[in-house]
1. I'd like the trypsin sites (Lys or Arg not before Pro) in segment 12-95 restricted to DSSP loop residues with at most 16 other Cβ atoms within 10 Å, sorted by number.
2. Quick one: compute a quarter of the convex hull surface over the Cα atoms of segment 1-99 and quote it in nm².
3. Quick one: accessible surface of S219, probe radius 1.4 Å, all protein chains present, in square angstrom to the nearest 10.
4. Counting only protein heavy atoms, what percent of the accessible surface of segment 19-63 is carbon or sulfur at a 1.4 Å probe?
5. In Å and from the alpha-carbon atoms only, list the Rg and Dmax of segment 118-165.
Amino acid sequence: MSGILILTAVELETTALARHLELPLLPAFPFRAYGGGDVRIAPVGPRAGLLHERWPRLFEGFSSALVVSAGLCGGLAACLRVGDLVVPDTVLAPSGEILRVNGPARERLLAHAGGRAHTGCLVTTREVAATPEGKALLHAETGAAAVDMESAPILTHATAAGCPALVVRAVCDDAAHAVPPALSRLVTADGRVHGGRALALAWTHPGSIAHAVALRRRSRLALGAVARALAALAA
């Protein structure tokens with residue numbers, strides 16, 4: 001069976017997108033995954049650290065699959081705003097390799113977006129682009145419009161497996177937004193939010209609560225845009 005395999009970084013992205021797409025939980029999986037028909041979605045961890053481990057199970061039952069790197073990204077170009085859809089035609093890997101992203105699925109998605117999706121280059125980094133100054137420097141060095149930490153390894157793995165792939169992301173923090181490092185540290189290696197760390201952070205840094213609430217609001221807006229694009233892709 002040919003399918004669509006949607007890969008996110010963290011469980012929050014997976015759960016939100018699955019809810020929008022009305023995909024049920026797949027209880028047989030040893031990690032959180034959702035699916036229905038020919039669509040399957042799961043997290044592969046920050047930096048796609050669990051991709052190799054989870055790939056065999058996620059690919060079970062598929063003879064081939066369109067692999068989609070989906071979820072949130074940071075804006076680098078000043079023109080990008082929170083909630084803007086990013087469907088890049090190239091991804092710059094941390095190694096400097098340029099990965100091309102094209103194919104009929106991408107063209108179909110862009111046609112559905114009707115010019116509302118930003119294209120160009122997305123850069124994948126190993127660390128969070130946390131400050132406006134850091135984002136400005138990264139934009140100047142690479143020319144990329146947006147940044148994430150998973151798309152390059154996902155595209156590389158998909159290509160090695162002989163699968164077509166594309167990237168569907170939306171901006172959660174634009175070029176002017178700072179991402180407090182403490183919030184980034186709440187996410188574990190398997191893509192979950194560590195409840196104990198969150199409680200400790202709220203206790204020791206009460207001001208972080210406002211940042212977390214704002215981040216959640218921006219994430220919902222961005223993931224809604226991604227979900228609408230994925231729904232059109234799966235239709």
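The values are calculated or read from the model by the stated rules, or taken from the named source; none is laboratory data. For clarity, every value in this text was computed on a predicted model and none was experimentally measured. Using ideal geometry, Cβ is built from the backbone for each residue, glycine included, and neighbour counts are taken over all protein chains shown. Accessible surface areas use protein heavy atoms only, side chains included; no ligands, DNA or RNA. Shrake-Rupley method; radii C 1.70, N 1.55, O 1.52, S 1.80 Å.
1. Details: sites: R19, R32, R40, R47, R54, R57, R81; in loops: R32, R81.
Sites meeting the loop and neighbour criteria: R81.
2. Details: hull surface 29.3 nm².
Seen from a random direction, the Cα hull of segment 1-99 projects 7.3 nm² on average.
3. 20
4. Details: 1250 of 2410 Å².
Answer for segment 19-63 is 52 percent, counting heavy atoms of protein chains only.
5. Reported Rg and Dmax, both Å: 12.4, 39.
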